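Every number in this text was worked out from the coordinates using simple rules, so none of it is lab data. This structure is a prediction, so every number in the text was calculated from the model and none was measured. Heads up, the Cβs are rebuilt from the backbone with ideal geometry, glycines too, and the neighbour counts pull from every protein chain shown.
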Amino acid sequence: MTTKISVGRIVADFLVLLACAIPLLIFHEFVKPYKRGFYCDDESIRYPLLPSTVTRQMLIVVGILIPSALIIATEVFRTLAWEKKCSHLFKKYHMRNTQVHRLIVRLYIFIGYFFLGVCFNQLMVDIAKYTIGRQRPHFMEVCKPNVGYKNCGLNHTYITDFWCTTTDKKLIHESQLSFYSGHSSFSFYAAWYTSLYLQARLYRPLYSRLLLPVIQFSLFGGAAFVAYSRVSDYKHHWSDVLVGSAMGSAIGIIVALFVAEVFKRREIPSCVDEAPEGHNMNLMPLEKRPDPELGIQPAPTNTVVETKTVLVSHDMRGPSIYNSGGHPVEGQRIDGQTPVAQTSQIHITSNGYKSELHLDPVLVVPVNDDN
């Protein structure tokens, strides 16, 4: 199947992304946060000003590079390792008279949706920050208002008529943008989007079944570290971080599942791409894994019922065995053990794997007719 790529559609995609980014520039350059009053005896806004453990520039670079690198590595691995012998089953892409490899198309789709989600997430952050205008924990240290900073009376008064005595307008501006945490929101958005993407696209086990969960846990661990650092650096209140983490998680899940539709774009071929001998990496053949989206059912299994006699010690079964009438009987003891017939179901799959399920044991012992 051949699919033509429209140049106009690509241009439209970039224009949409640009349109989503323009409001961000407007917020940061022209919009002032809502000026909220304060209580001079509010201890939650009297913390010192500390440098950020994770700066904004560091967060942007790491938060974009890591997901992008994981997406690129995943698609390259799929193309070279899993789809090498199945390439004829996938769509062919052409743009005008030039053939475009499916790897480029996939990267365009998944990384493009990732950046679209970044814009959505930051828009939600800025809308909340500029309309609520909550003071950061270091607000008093940065602003040093003319009222209530040095001398705070005994009256628990809400102060609204004030101005900042410091001259650093940028710090004053930032000190009123506490709710909710943009660092936490972006970190958890990136963690959720990337984790769901990996779960969908890496549909078979890698070198170890533990590798993918470890990568996903590392993403969430990094996001949690960023969120915790915002509290310890006195950049946000704990509630700002909590709401930011929840909002970023929600946007990441929505974008991955319902916008990018990562699980509908799994592209699981119906053939088996066998790895070279000695390099199978414990990959499970595709026809052994059910996939309702493509109508793939697992290979049938053969069930063999076997009965075998095992020896059960009296320490485990007790000194007596009961017959069908409920009366205790003595079995033939062999070195303090009783022969027991044990029934098992052995499931043998077509690829040679075997699993055994032990059924309820049937006791086979001679019964004394006199009892």
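Computed across the range 33-84, the Kirkwood hydrodynamic radius from all distinct Cα-Cα pairs reaches 15.6 Å. Computed about the Cα centre, the dipole magnitude for the range 97-179 is approximately 240 debye when only Lys and Arg (+1) and Asp and Glu (-1) carry charge, each at its Cβ.
Binning all Cα-Cα separations of the range 1-154 at 5 Å, short to long from zero, yields these whole-percent fractions: 2, 7, 11, 12, 13, 12, 9, 8, 7, 5, 5, 4, 3, 2, 1, 0.
Estimate the FRET efficiency between Ala19 and Phe225 by the formula 1/(1 + (r/R0)^6), using the beta-carbon distance for r and 30 Å for R0, to the nearest 0.05.
On the way: r = 33 Å, r/R0 = 1.11.
So, using R0 = 30 Å, E works out to roughly 0.35.
With viscosity set to 1.306 mPa s and temperature to 10 °C, compute the Stokes-Einstein D of the range 84-128, Rh being the Kirkwood radius across alpha carbon pairs; µm²/s, no decimals. Using the Kirkwood radius from Cα pairs, D works out to 122 µm²/s.
Per the Debye calculation on the range 2-259 with a single equal scatterer at every Cα and no solvent contribution, log₁₀ I(q)/I(0) for q = 0.12 Å⁻¹ amounts to -0.80. With one equal scatterer per alpha carbon and no solvent term, the Debye-computed log10 I(q)/I(0) for the range 55-136 at 0.12, 0.13, 0.14 1/Å reads -0.55, -0.61, -0.67.
Our estimate of slack between Asp42 and Arg9, defined as 0.36 nm per intervening residue step minus the Cα-Cα distance, is 6.5 nm.
Where in the range 120-224 are there chymotrypsin sites (Phe, Trp or Tyr not before Pro) that are in a DSSP coil and have at most 13 other Cβ atoms within 10 angstrom of their Cβ? Kindly include the intermediate steps, with their values, before the conclusion.
Details: sites: Phe120, Tyr130, Phe139, Tyr149, Tyr158, Phe162, Trp163, Phe179, Tyr180, Phe186, Phe188, Tyr189, Trp192, Tyr193, Tyr197, Tyr203, Tyr207, Phe217, Phe220; in loops: Tyr149, Phe162, Trp163, Phe179, Tyr180, Tyr203, Tyr207.
Here the chymotrypsin sites (Phe, Trp or Tyr not before Pro) that fit, given the DSSP loop and packing criteria, are Trp163, Tyr207.
Would you mind getting me the FRET efficiency between Thr2 and Ile26? Use the beta-carbon distance for r and R0 = 30 Å, nearest 0.05.
0.10
Give me D for the range 1-62 in µm² s⁻¹, whole number, from Stokes-Einstein with Rh from the Kirkwood sum over alpha-carbon pairs, 20 °C and 1.002 mPa s. So the translational diffusion coefficient is about 126 µm²/s.
Just the number: Rg to Rh for the range 138-210, Cα atoms, Kirkwood Rh, two decimals.
Rounded to two decimals, Rg over Rh is 1.38.
The mean of 1/r over all pairs of different alpha-carbon atoms in the range 76-185, once inverted, gives a Kirkwood hydrodynamic radius of 19.0 Å. Taken along the Cα-to-beta-carbon direction at a fixed 7 Å, the label points for Leu49 and Phe263 span 4.8 nm.
Were the residues from Tyr108 through Thr131 laid out at 0.36 nm apart, the gain over their Cα-Cα distance would be 4.8 nm.
Between Leu212 and Tyr34, what FRET efficiency follows from the Cβ-Cβ distance if R0 is 35 Å, with the result rounded to 0.05? Walk me through the intermediate numbers first.
Details: r = 44 Å, r/R0 = 1.25.
Between Leu212 and Tyr34 the formula returns 0.20.
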